[in-house]
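*Asks:* Provided herewith is a single structure, encoded as C-alpha cells, for subsequent inquiry.
Read the figures in this text as sums done on the coordinates, not as results from a lab. Remember, predicted model here, so these are calculated numbers, not experimental data. Don't worry about glycine lacking a Cβ; one is built from the backbone with ideal geometry, like all the others, and counts go over all protein chains shown.
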Amino acid sequence: MDKLIIEGGVPLEGEIRVSGSKNAALPILMACLLAQGPVELSNVPRLADIHTSLKLLNILGCSCSFEGNRVYSECRNLVPEAPYELVKTMRASVLCLGPLLALLGEARVALPGGCAIGARPVDLHLKALEKMGAEFKLTEGYIKGTCKGRLKGAHITFDFPTVGGTENLLMAASLADGETILENAAREPEVVDLANFLIACGADISGHGTSVITVRGVDSLKGCAYRVMPDRIEAGTYMVAAAITDGELRIMDCPYQELDAVAYKLREMGVWLQEENGYVLVRRENGVLRNVDVTTQPFPGYPTDMQAQLMALMCFGEGAGTVEEKIFENRFMHVLELVRLGADVRLRGRTAMVRGVGKLVGAPVMASDLRASASLVLAGLAAQGATEVQRIYHLDRGYERIEEKLSGVGGRIRRVRA
Ligand code: EPZ
C-alpha cells in the first residue's frame, strides 16, 4: 500500500487550485441514470470514488468515458442491480436506489455496510421511498426495492437532515407522478449542486438549499452539460494547511460562500482570511493561534468533514478546546494517531478535549478514513522531522493530486509506492 513521507516545518506559500467536489460529483453521476440523452460533466475530480461510480454506471447500463476532468455518459437499457463487490468499497453507491426505482420500478442494491466512521444505515432513505410507493425487502445482504407503476409524489419529513437521503429522494421525486415535499431536508451545497444539475436536465425543483424542498415530477429528463461545484472540504483543508504551517496560500476557485462556519472558526483561532478576485488569501493573523470549542452540525453548521482537520490545527493553538462530533458516532480515529505525533487529546464519549502543545514530532501514522488521513497530512506538514502516513488509499478517495498540490507550494511530501 502506498504511503506519504512528509518532512515538516516548511511554511507553505503560493497558489493551490481547488478541484471539483467529490460529494457533489458522486450524486450527480448517479443522477446521469435519469437523463435520456448524453450528459457532459466538467470539473469532475480524478478520485478513486469517481472511478468506482463510473464502474457502477457501466454495470447499470450507462456508457461512460472520463477524459481529463470531463465525464461523458449516456444511459440506455438499464439493469437494476448494484453488486456487493462494488458497493462495499463505496457507500455512496446507495445513491443509485432512487434513480433505479424511478426509472425501472425495481432496484437491487447491496447494503453498503458500515465504514470506519460509523454504522451509516440507510433507514431514512428507505422510509422516505416507501412513502412514495416503493416496497423493500432486505435479503442476502441486498436491499431489494420494487414499485408497482410510477413512484408517487409524497409529503416526507426526515427524522434527520440526511445528505444522502435528501439526494436519493430528489432523484426519485424528479420523475415521480405528482408533487413531493421534503421537510427537514439537508441544506448542504452538494445537495444544491445536485438539484441544479437535475434542473438543467429539466426537473422542476424549488427550495433546494433550505430545509423544505418541493419537487414536481416530470415525465422525462434530458441530457445536459454541467460543471460540478468546487470542493469546499478540500478548500477548507488547504486553508488549515496555510495556518498550520504558518504560511500564506491563495486558494483558487474556492467556494468561499459555502465555508462560512469554517471561516468563522478559523478566524476565532487567529487565522486571517480575505476573499480577493478569484481566490481566498489565508495566513495566520499574527502568528499566534488560540484554541476554541467546536461542534459539528448539519449545514450551515460546522461540517463534520472538517472536524479532523481543525483538530490538527488545535494542536498548535494556545490553551485548550473541545471538539464535539454530533454527526457520526466514531469519527475520532485520527485522535490516537495525532497523539503518536505528540498531541494532547483526551476523548470523552463524542467530545475530544484538545490542549495545544505547540509542536508535534514526526512519526509513522496510519490513515483510517478520508478526513482522518487529511488531518495526519496536515499535522505532518507542521511536525518536526519526518512523518510517514500509511494506507493513503483512504486519502486518494477525496483529494485529487494532494502531494502534487502541496509540493507546488513548498511542501516536502512524496508518495512511496509500496
Ligand atoms: C454525506 O454522507 C457525505 N458523503 C459525508 O462525507 C458527510 O460526512 C455526510 O454527508 C455529512 O455531511 C457523501 O456525500 C458521499 P448523512 P451521508 O446521510 O449521506 C445517519 C466525506 O468525508 N443516517 O447525512 O452518508 C448517519 O449514520 C464523507 O467526504 C441514518 O441514521 O451522510 C450519520 O450518522 C464522509 N440513517 C448521519 O445520519 C440514514 O438513513 C449523517 O448521515 C442516513 C443517515
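*Asks:* How high is the relative contact order of the chain, in percent, with contacts defined as C-alpha pairs under 8 Å that are six or more residues apart? Each step should come with its number before you reach the end.
*Replies:* Numbers: 1063 pairs, mean separation 90.0, N = 418.
For the chain, the relative contact order is 22 percent.
*Asks:* Let me ask something else. Rg/Rh for the range 96-172: what does it come to with C-alpha atoms and Rh from Kirkwood?
*Replies:* Taking Rg over the Kirkwood Rh, I get 0.95.
*Asks:* Would you work out which of N43, S21, L54 lies farthest towards the positive end of the dipole of the range 1-56? Charges go on Cβ: Lys and Arg +1, Asp and Glu -1.
*Replies:* L54
*Asks:* Using r as the Cβ-Cβ distance of D344 and R120, and R0 as 41 Å, what FRET efficiency do you calculate, to the nearest 0.05?
*Replies:* That gives a FRET efficiency of 0.85.
*Asks:* With +1 assigned to the C-beta of every Lys and Arg and -1 to the C-beta of every Asp and Glu, and no other charges, what is the dipole magnitude of the chain about the Cα centre in debye, to the nearest 20? Could the numbers behind the result be given before it?
*Replies:* Values: 46 positive and 50 negative charges, 155 e Å.
Charge dipole, the chain, about its Cα centre: 740 debye, nearest 20.
*Asks:* Using a/c under 1.5 as the rounded threshold, could you call the range 68-130 rounded, prolate or oblate? The axes a ≥ b ≥ c are square roots of the C-alpha gyration tensor eigenvalues, and prolate needs a/b larger than b/c, oblate otherwise. Walk me through the intermediate numbers first.
*Replies:* Details: a/c = 1.96, a/b = 1.21, b/c = 1.62.
It is oblate, given that a/c is not under 1.5 and a/b is not larger than b/c.
*Asks:* Let me know the charge dipole size of the range 167-289 about its Cα centre in debye, to the nearest 20, where only the beta-carbon of Lys, Arg (+1) and Asp, Glu (-1) is charged. Could you put the intermediate results ahead of the total?
*Replies:* Values: 10 positive and 20 negative charges, 45 e Å.
Computed about the Cα centre, the dipole is about 220 debye.
*Asks:* Return the distance in nm (one decimal) between the two label points of a simple spin-label model at D177 and E318, each offset 7 Å from Cα along Cα→Cβ.
*Replies:* 6.8
*Asks:* Here's something else I'd like to know. Using packing as a proxy for protection, rank 302-312, 391-401 so that the peptide with the highest average count of other Cβ atoms within 10 Å comes first.
*Replies:* Answer by packing, highest mean first, reads 302-312, 391-401.
*Asks:* Still on this model: For a protection proxy built on the mean count of beta-carbon atoms within 10 angstrom, sort 160-170, 340-350, 60-70 highest first, please. Walk me through the intermediate numbers first.
*Replies:* Working: 160-170: 24.4, 340-350: 16.2, 60-70: 14.6.
Packing order, densest peptide first, comes out as 160-170, 340-350, 60-70.
*Asks:* Which order do the peptides 325-337, 171-183, 82-94 take when ranked by the mean count of other beta-carbon atoms within 10 Å per residue, highest first? Could the numbers behind the result be given before it?
*Replies:* On the way: 325-337: 20.2, 171-183: 22.3, 82-94: 18.6.
Result, highest mean Cβ count within 10 Å first: 171-183, 325-337, 82-94.
*Asks:* If you take every DSSP beta bridge fully contained in the chain, what fraction is antiparallel? Give it as a percent rounded to 5. Could you put the intermediate results ahead of the total?
*Replies:* Numbers: 59 of 84 bridges.
Roughly 70 percent of the beta bridges in the chain run antiparallel, per DSSP.
*Asks:* Hey, another quick one. Looking at the P(r) of the range 307-351, how many percent of alpha-carbon pairs lie beyond 14 Å?
*Replies:* On the way: 433 of 990 pairs.
Considering the range 307-351, 44 percent of its Cα-Cα pairs are separated by more than 14 Å.
*Asks:* Over the residues of the range 272-367, compute the C-alpha Rg and express it relative to 2.2 N^0.38 Å. All intermediate terms of the calculation are to be shown ahead of the outcome.
*Replies:* Values: Rg = 14.2 Å, N = 96, 2.2 N^0.38 = 12.5 Å.
That works out to 1.14 for the range 272-367.
*Asks:* Of all beta bridges DSSP finds with both residues in the range 110-259, what is the antiparallel percent, to the nearest 5? If you can, show how the numbers build up before the last one.
*Replies:* Numbers: 16 of 21 bridges.
Roughly 75 percent of the DSSP beta bridges within the range 110-259 come out antiparallel.
*Asks:* Treating the beta-carbon of each Lys and Arg as +1 and of each Asp and Glu as -1, no other charges, what is the dipole magnitude of the range 1-86 about its Cα centre, to the nearest 20 debye?
*Replies:* Details: 7 positive and 10 negative charges, 37 e Å.
For the range 1-86, the charge dipole is close to 180 debye.
*Asks:* May I pose another question? From the backbone phi of the range 410-418, what are the Karplus-calculated ³J(HN,Hα) couplings (6.51 cos²θ - 1.76 cosθ + 1.60, θ = phi - 60°) in whole Hz, Gly and Pro given as x?
*Replies:* x, x, 9, 9, 9, 8, 10, 7, 6
*Asks:* If you don't mind, another one. Given the -39500 (n - 2.57) contribution per DSSP H run of 4+ residues, what per-residue ellipticity at 222 nm results for the chain, rounded to the nearest 500 deg cm²/dmol?
*Replies:* Working: 13 runs with 126 residues, N = 418.
Rounded to the nearest 500, the figure is -8500 deg cm²/dmol.
*Asks:* For Y72 and Q36, compute 0.36 nm times the residue count separating them, minus their Cα-Cα distance, and round to one decimal in nm.
*Replies:* On the way: separation 36, 0.36 × 36 = 12.96 nm, distance 1.31 nm.
Value of the extension gain: 11.6 nm.
*Asks:* Which distance in Å, rounded to a whole number, links the C-alpha centroids of the range 56-119 and the range 166-214?
*Replies:* Measuring centre to centre over Cα atoms gives 19 Å.
*Asks:* Next up: Taking amide H positions as placed 1.01 Å from N in the peptide plane, with prolines and chain starts having none, which residues 5 or more places from G270, or on another chain, fall under 5 Å of its amide H?
*Replies:* HN-HN under 5 Å from G270: R290.
*Asks:* So which of K55/K405; K265/K326; K3/K405; K127/K148; K88/K137 end up more than 22 Å apart, counting from Cα to Cα?
*Replies:* Working: K55/K405 27 Å; K265/K326 17 Å; K3/K405 16 Å; K127/K148 17 Å; K88/K137 19 Å.
In this structure, K55/K405 exceed 22 Å between Cα atoms.
*Asks:* Please arrange K222, K55 by counting, for each residue, the other beta carbons lying within 10 Å of its beta carbon, fewest first.
*Replies:* Numbers: K222 13, K55 16.
By the 10 Å Cβ count, ascending, the order reads K222, K55.
*Asks:* Pop a pseudo-label 7 angstrom from the Cα along the beta-carbon direction at both V218 and K55 and give the gap in nm to one decimal.
*Replies:* A separation of 3.3 nm, rounded to one decimal place.
*Asks:* Would you mind ranking R371, R414, R355 by Cβ crowding within 10 Å, fewest neighbours first? Working shown, then result.
*Replies:* Working: R371 26, R414 12, R355 16.
Fewest-to-most ranking of R371, R414, R355: R414, R355, R371.
*Asks:* While we're on this one: Want the number for E285 to R414: 0.36 nm per residue separation, take away the alpha-carbon distance, what's left?
*Replies:* Details: separation 129, 0.36 × 129 = 46.44 nm, distance 2.95 nm.
Net length gain for the segment: 43.5 nm.
*Asks:* Quick one: length gained pulling E404 to E268 fully straight, 0.36 nm per residue minus the C-alpha distance? Mind showing how you got there, number by number?
*Replies:* Details: separation 136, 0.36 × 136 = 48.96 nm, distance 3.00 nm.
The span from E404 to E268 would gain 46.0 nm if fully extended.
*Asks:* Could I ask something else about it? If you look at just the Cα atoms of the chain, how large are its Rg and its Dmax in Å?
*Replies:* Just the Cα atoms of the chain yield Rg and Dmax of 21.3, 64 Å.
*Asks:* Let me ask something else about it. In which sequence would K152, K359 go, from the one with the fewest C-beta neighbours within 10 Å to the one with the most? Show your work: numbers first, answer last.
*Replies:* Working: K152 17, K359 14.
So the ranking, lowest neighbour count to highest, is K359, K152.
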